[in-house]
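What follows is a set of notes on a single structure, which appears directly below.
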Amino acid sequence: MQWWENIAEEIDYSGLDYIALLSRGNPPVEKDKGNGNPKHIPTLVNALNARGAHSVKFAIFDDMPNSWSGSKNWHDSGGTLNSSSDPKFDISDAANYKYIWDYNLKQAFEHIPKERLYKIDDKPVIFFWNLKDTWFTNIEGNSAAILNYIREQCQSEFGFTPFLIVQSSWFDSDPQLALNDVDAVHGWFSSHNQRSWTLFNRNNYKIGVVVPGFYKEGRLLDPSMGTDDNGTMLRLGLDRTVGAGARTTLIEGFTNAAETAALWRSNDRGTYRFYDYPNQRLNIVRSYTSNPFPEALKVEAEACDFHYDLTPGNSGGAYLYMGDLDIVKCTDIYGGWYVTDTEPTEWMEWRELPLLEETKFELRYKSTAPSSVKISIDDNDLPTASLPSTSGIWSTIDIGSLSLPSNGLHTVRLTIVSGSPDINYFNRVRGVPVGLDLVLQDDAQTDIRIYPNPASDFVRIVSNQEIGEISLFSISGGLLLKRVYETEKEIELNVSNLKPGLYFLIINNTSHKLIIK
């Protein structure tokens, strides 16, 4: 579960608008073939929910050589034949459709909550990979029938029409396939011609594909595309796709470390050969999303890019397999990990964090004695923040604010000044300029933080005191929600069903504005 917990955190941190779940089927064989099984989707959903990452959407990426041909061979052999090319999959045989639908796409849609479906034109998106005679037979004249079957089943089983994006190879393999048989077309990258990106415009939809690099030591890739380029290849691909107006862009691939195409956090075993710093690719991706400077960004202490620790080794033995940062598993409200055994002068640092024109930092910590920390921005120190003893209970406290000329990327360092606080994470949220708004001033004065505000899906409420009773009213005075909490100091409200406009939150008899966008 901790692997999924970490993946959920990195997805949330990167700001991805959606993830395309690699689906490789789940035929009725006792032995699980492994990765790509749609039965694992609920585990990821639960990890994202526990993280509070409710806005991440899911598309499906159908890895057809594995989900169609490989799944059938695995099933027919009782879980002994792991081959996607021998024997090949006959796409003209309707009896084989169960591997496409019943054992794959149907199960994926059953496990994806409706509110998490990534849609184009209100249609849930399915990407399809390669349709070549390496894995399939009787292709010509039969691929359109499969797409129509998938549409029929989606409508019959789930009441929607899917948005089908096929790889360009489908048209090469099946000359009878017409553009109006599909919704859009993507073109996979090609390491052979050193092409790390493609942008296809078919049916008036621009679809991009990007890879940060493609390389595997000891394995011939014809040829490889190295990634020790300071992120240049990834940025180029995103410039030529997202920057060129792509309706959606698919990046290979979040966890593909085997071919150095992963986006996740890494220092490449301490060599920094493919990364300048661990969060580099996540930060690059965020800068091309629909929200590169989010109202709130949760930054985990254990996920820092660099650190300075006075004692050798990881005393907690968790999360990191190398380095001296002391990390243990966390039982705080959102799980995860935290940094412990801190000492004065130790620090954690993050590169290229997106800071807002008005930025505020909120620290989640616990301690049994008073302590203090300071935030530094590009080597410029904010005032030292005092941390009262929390008697070992996790608490959130403001530790500094600053004004900048504009939104931008900066190096942020958190330094322990005194004491030994345990550090879970900090929130980088929007600060409030002096005199901006009376109600927002009241929020600060009553130690209540409501964000993001404006909101669209979920709103988080953080208080230094027990929250108690909450009521939500429309601008006309209608009561929309009322809840009572006993001991909570941090909660989330689902506001996805509210229409855009102004609302009022009454928290312990104090009124606060909430804007739904």
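Kindly indicate whether any position in the stretch 273-284 is β-branched (V, I, T) and either modelled with pLDDT of 90 or more or touching a helix residue (DSSP H, G or I) at 6+ places or on another chain (Cβ under 9 Å) (or both). Checking the stretch 273-284: at least one residue is β-branched (V, I, T) and either modelled with pLDDT of 90 or more or touching a helix residue (DSSP H, G or I) at 6+ places or on another chain (Cβ under 9 Å) (or both).
When the stretch 130-155 is limited to residues that are touching a strand residue (DSSP E or B) at 6+ places or on another chain (Cβ under 7 Å) and over 18 Å from N180 (Cα atoms), the one that is modelled with the lowest pLDDT turns out to be N130. Restricting the search to the stretch 67-91, which residues are of a type in the set (S, T, Y) and surrounded by fewer than 16 Cβ atoms within 10 Å (Cβ to Cβ)? Across the stretch 67-91, the qualifying residues are S77, T80, S83, S85.
Scan the stretch 30-42 for residues that are surrounded by fewer than 21 Cβ atoms within 10 Å (Cβ to Cβ) and at pLDDT 95 or above and jot them down. Matches in the stretch 30-42: P42 only. The number of residues in the stretch 112-130 that are in a loop (DSSP other than H, G, I, E, B) and under 17 Å from the mean Cα position of the chain (by Cα) comes to 3.
Can you name every residue in the stretch 114-155 that is within 26 Å of N497 (Cα to Cα) and exposed (fewer than 14 other Cβ atoms within 10 Å of the Cβ)? Within the stretch 114-155, K114, E115, D121, D122, Q155 qualify.
Pairs are defined by a Cβ separation below 6 Å, a sequence spacing of at least 6 or placement on different chains, a first member in the stretch 419-442 that is more than 29 Å from A369 (Cβ to Cβ) and of a type in the set (D, E), and a second member that is surrounded by fewer than 19 Cβ atoms within 10 Å (Cβ to Cβ) and at pLDDT below 50; no pair meets this definition. If you check N26, N46 for being in contact with a helix residue (DSSP H, G or I) (Cβ under 7 Å, 6 or more places away or on another chain) and over 17 Å from F254 (Cα atoms), only one passes: N26.
For the criterion of being touching a His at 6+ places or on another chain (Cβ under 9 Å) and over 29 Å from K98 (Cβ atoms), G208 passes. The residue pairs whose first member lies in the stretch 248-270 and is farther than 14 Å from L234 by Cα, whose second member is hydroxyl-bearing (S, T, Y), and whose beta carbons are closer than 6 Å, counting only pairs six or more residues apart or on different chains, are S266/Y275; D268/Y275. Scanning the stretch 402-414 for residues that are of a type outside the set (K, R) and crowded, with 19+ Cβ neighbours inside 10 Å returns V412, L414. Per the listing D102, D63, the residue uniquely in the same structural domain as W4 (by TED's automatic domain parsing), buried (at least 20 other Cβ atoms within 10 Å of the Cβ) and charged (D, E, K, R) is D63. Within the stretch 254-274, the set of residues being more than 19 Å from the chain's Cα centre (by Cα) and part of a helix (DSSP H, G or I) comprises A258, E259.
The values are calculated or read from the model by the stated rules, or taken from the named source; none is laboratory data. Everything numeric here is computed off the predicted structure, so don't read it as measured data. We place every Cβ from the backbone using ideal geometry, glycine too, and count neighbours over all the protein chains shown.
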